[in-house]
Amino acid sequence: MRQCFPFLNKCHYKYRWGVLGFCIWLVLGAFYCFDIPTSLHNTLQAHFADIMTPEAFELYYGGLYSLYSFANIFLPFISGKIRDQKGDRIVLILMVILVMMGQIIFVYGVHLKSFMVMYLGRIISGWGIESVVPTQTSFISPYFKDDFLGFAVGLNEFFATLGSILTMYLCPKLALEYGLLVAVSSGIFFNSFSLICGIITVMLDKNAEKNLLELVNYDQVKYSVLKSENRSPRQSGEKNINEVDINYDNNIQEEIIEVEQNQQANQNGEDGQIVSQPDAVQAIEMFPKIFWLVSWCYALIYSSVLGFINISVGLLSERWFGVTEESEIEAGFVVSIMWFITGLFTPLFGSYTDKYGQRSSLLIFATLLCTFSHLMIWYVFPFLSLILLGTSLALAFASAWTGIVFLVRPDTLGKAYALVIAVYNFTFTLVPLAVGALRAYYGTYFYSQIMLSILGAIAFVLSIFIYQLDKNQENILDGNGQYAVSATSLEKNFPIDNAHLKED
């Protein structure tokens, strides 16, 4: 029995905003746990002071993020493959559970004063954190791809940043009043709430599929989308309705056979033998050049911003507030401003891209803000700099992250986002280690900020290439490419064809 329907149009489901209303809470607990080490940097340093020097602590502390990222170069491919084969629902619940399990292990590691146990917990929870966001994006895209995708994904990002804001605000206070173990254990509570919301989300999605499959012939919808890959949606839109050459009543079986033969041919060699290629090789052949440029550009921006966040409490304490446990509260409050700006602006920028497009232009602006805000943080009181840094991350998310949906087929979205995650985790694996090494060598975070600014400058160069490719392909990042003909827009591209609807 079929378990997933990646080509199914859900944008007409009457309770789709209710689905989104529960789904957005899944990331809150995940990102609350992600930023716990950052919010408690000074407290953790004092906790380990009896067994290691501050310099050694900085290197081990950087490993909490580097090992997290290194493992997630590979682990998301597993969740992405499960998503493409079994659907989004099982992955959503599984990833929330992994975050909770990893956080429990992390708390135990803190209790033991063992970075090895803490690393294990971060790897497990990191798998869940890094997989829940792309799975959430692919989960909601069939509900909103036609009209409010940027806003819906931006709303998810707002709740992700809300989790980070709560971490930066609550954890230092909990540590100061109740102790370090209570502070790190608070992530388990937030993940329990996320799991409850995830279960409700899955129940609503099952109801949506049940209602829509009563009206839609899914196989005809699927093969219509696959068949349409060979023609330009822009050209299809220019045809007169009477000239649309599609007749499912007479030709649907022929089209199904032809598509199946093409898919089989792609898997076979010249002699008809099955050819098994690694996922990476298949991905290089499957996804367009602009997809890889967008992935690397987003990875550099993301790594640059998150690289700063990892050292933000230490840097702000060193440069502006002084190194005390109380300074964690001040620094955490200032950093939470950046997350608030990111969360607030992402839905707004998402709504802008829904209406006007221009994702490639916004991406250029994001890279510029990222580059210069890193330089400003050291010389100007960080309030304005963090607003600009938060804005750059919001722009990158609203442009690059949501644009991936329009570059690949719906049934390969899991693999596509797994590749994006692998790319930015590859860069993020190196960034915390480099930041920690520069801090240990020079005794200051100044050179670390220079390095993060350089990452933004490289992203700017890539964004120029992306802009040129996007314009040459008639704004493919804004949904004008071949995968605009998706299950969520069949009514637009096949206006006189009702063959995808079941007959009464």
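The values are calculated or read from the model by the stated rules, or taken from the named source; none is laboratory data. Computed from a predicted model, the values in this text were never measured in an experiment. Don't worry about glycine lacking a Cβ; one is built from the backbone with ideal geometry, like all the others, and counts go over all protein chains shown. Surface areas here come from the heavy atoms of the whole protein model, side chains and all, with no ligands, DNA or RNA. Shrake-Rupley method; radii C 1.70, N 1.55, O 1.52, S 1.80 Å.
With the Cα gyration tensor of the range 350-440 giving a ≥ b ≥ c as the square roots of its eigenvalues, does the rule (a/c under 1.5 for rounded; else a/b larger than b/c for prolate; else oblate) give rounded, prolate or oblate? Cα axes put the range 350-440 in the oblate bin. Within the range 108-217, the trypsin sites (Lys or Arg not before Pro) that combine a DSSP coil assignment with at most 14 other C-beta atoms in a 10 angstrom radius are LYS113. Over all alpha-carbon pairs in the range 7-104, figure out the percentage whose distance exceeds 23 Å. Of the Cα pairs, 46 percent sit more than 23 Å apart.
The range 360-431 and the range 132-186 have their alpha-carbon centroids 17 Å apart. In the context of the full protein assembly, TRP292 retains an accessible surface of approximately 60 Å², using a probe radius of 1.4 Å and ignoring ligands and nucleic acids.
When all protein chains stay in place and ligands, DNA and RNA are ignored, the 1.4 Å accessible-area order of ARG83, ARG409, largest first, is ARG409, ARG83. In this structure VAL334 has an accessible area near 10 Å², from a 1.4 Å probe over the protein heavy atoms.
Taking only the C-alpha atoms, wrap a convex hull around the range 401-459 and report its volume per residue in Å³ as a whole number. List each step's numbers first, then the result.
On the way: hull volume 4.5 nm³, N = 59.
Taking only Cα atoms, the range 401-459 has a hull volume of 76 Å³ per residue.
Label positions at LEU384 and ILE454, each projected 7 Å from the Cα along the C-beta direction, are separated by 2.7 nm.
Share of pairwise Cα-Cα distances greater than 16 Å in the range 106-164 is 57 percent (whole percent).
Remark: the LEU430-TYR15 segment gains 145.1 nm on full extension, using 0.36 nm per residue and subtracting the alpha carbon distance. In order along the range 371-387, the Karplus-derived 3J(HN,Hα) couplings, from 6.51 cos²θ - 1.76 cosθ + 1.60 at θ = phi - 60°, round to 5, 7, 5, 5, 5, 5, 4, 6, 9, 10, 3, x, 4, 5, 4, 6, 4 Hz, and Gly and Pro are given as x.
Shape call for the range 326-393 from the C-alpha gyration tensor, a ≥ b ≥ c root eigenvalues: rounded (a/c under 1.5), prolate (a/b greater than b/c) or oblate?
Details: a/c = 4.46, a/b = 1.74, b/c = 2.56.
Because a/c hits 1.5 or more and a/b fails to exceed b/c, the range 326-393 counts as oblate.
Evaluating 6.51 cos²θ - 1.76 cosθ + 1.60 at θ = phi - 60° for every residue in the range 50-66, the Karplus couplings come out as 7, 10, 7, 6, x, 5, 5, 4, 4, 5, 5, 4, x, x, 4, 9, 5 Hz, glycine and proline recorded as x. Relative contact order, whole percent, for the range 78-144 stands at 38, derived from Cα pairs under 8 Å and 6 or more residues apart.
In this structure GLU474 has an accessible area near 90 Å², from a 1.4 Å probe over the protein heavy atoms. Structure note, pairs LYS86/LYS210; LYS86/LYS289; LYS289/LYS415: Cα-Cα distances above 19 angstrom occur for LYS86/LYS289.
For MET118, MET451, write out the residues from largest to smallest accessible area, computed with a 1.4 angstrom probe and no ligands counted. Walk me through the intermediate numbers first.
Working: MET118 0, MET451 45 Å².
The residues order as MET451, MET118, largest area first.
3J(HN,Hα) along the range 439-455: 5, 5, 6, 8, x, 8, 8, 4, 6, 5, 5, 4, 4, 5, 5, 5, 4 Hz, from the Karplus curve 6.51 cos²θ - 1.76 cosθ + 1.60 with θ = phi - 60°, whole Hz, x for Gly and Pro.
Classified by the C-alpha gyration tensor, the range 75-132 has a prolate form. Its axis ratio a/c, with a ≥ b ≥ c, is 1.5 or above, and a/b is larger than b/c.
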